[in-house]
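Every number here is computed from the coordinates shown, using simple stated rules; none is lab data. None of the values given here were measured: they were computed from a predicted structure. Don't worry about glycine lacking a Cβ; one is built from the backbone with ideal geometry, like all the others, and counts go over all protein chains shown.
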Amino acid sequence: MPEETQKLTVNDPISPEILAQFNELEDSHYKVANHLLSIEQERIRLLSAAHQVDLQRQRLFEKVLMERGLAPTTQVEIDSKTGTLKLLEKAP
């Protein structure tokens with residue numbers, strides 16, 4: 001016959017083994033959260049760097065247009081082999 005397990009009450013303490021498991025799980029949770037925070041911080045740094053590159057590209061593009069008497073918002077296509085500009089819309 002299987003031995004019956006004793007029913008626990010709210011007054012019975014949790015075993016040290018289970019408390020240790022809770023602590024391990026809590027530590028694992030904090031490690032994962034810390035790692036995720038590090039990833040998000042690196043993501044923000046990369047987004048900021050990409051934004052700076054985009055700004056520099058935009059300024060250079062506007063300079064090229066303005067040197068040719070075009071408005072900085074003129075839509076053009078640049079041939080990467082010849083460097084020629086093709087207007088995509090009429091310049092104002």
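Quote to one decimal, in nm, the extra length available between R59 and Q75 on full extension: 0.36 nm per residue of separation minus the C-alpha distance between them.
Residue separation times 0.36 nm, minus the Cα-Cα distance, leaves 4.3 nm.
Would you grab the residues whose amide H sits under 5 Å from the one on V76? Only those 5+ places off in sequence or on another chain, please, with H modelled 1.01 Å from N.
So V76 has HN proximity to L88.
Could you calculate, for the chain, the ratio of the Cα radius of gyration to the Kirkwood radius, expressed as Rg to Rh?
Rg divided by Rh gives 1.60.
So, with +1 on the Cβ of K and R and -1 on the Cβ of D and E, and no other charges, what is the size of the charge dipole of the range 16-87 about its Cα centre, to the nearest 20 debye?
Dipole magnitude for the range 16-87 comes out near 760 debye.
So how much slack lies between S15 and S28, counting 0.36 nm per residue of separation and subtracting their Cα-Cα distance, in nm?
Result for the pair: 2.7 nm of gain on full extension.
Taking the Cα atoms only, what angle lies between the long axis of helix 16-67 and the longest principal axis of the chain, rounded to 10 degrees?
So the helix axis and the longest Cα principal axis differ by about 0 degrees.
Explain nothing, just the number: relative contact order of the range 16-87, from Cα pairs under 8 Å at least 6 residues apart, as a whole percent.
Contact order relative to length: 12 percent.
Given the options V53, L70, N23, identify the residue whose Cα lies farthest towards the positive end of the charge dipole of the chain (+1 on Cβ of Lys, Arg; -1 on Cβ of Asp, Glu).
L70
Given labels modelled 7 Å from the Cα in the Cβ direction, how far is it in nm from L37 to Q6?
So the two model labels end up 4.2 nm from each other.
By how many nm would the segment from T82 to E67 lengthen if fully extended, with 0.36 nm per residue of separation less the alpha-carbon distance?
3.6 nm
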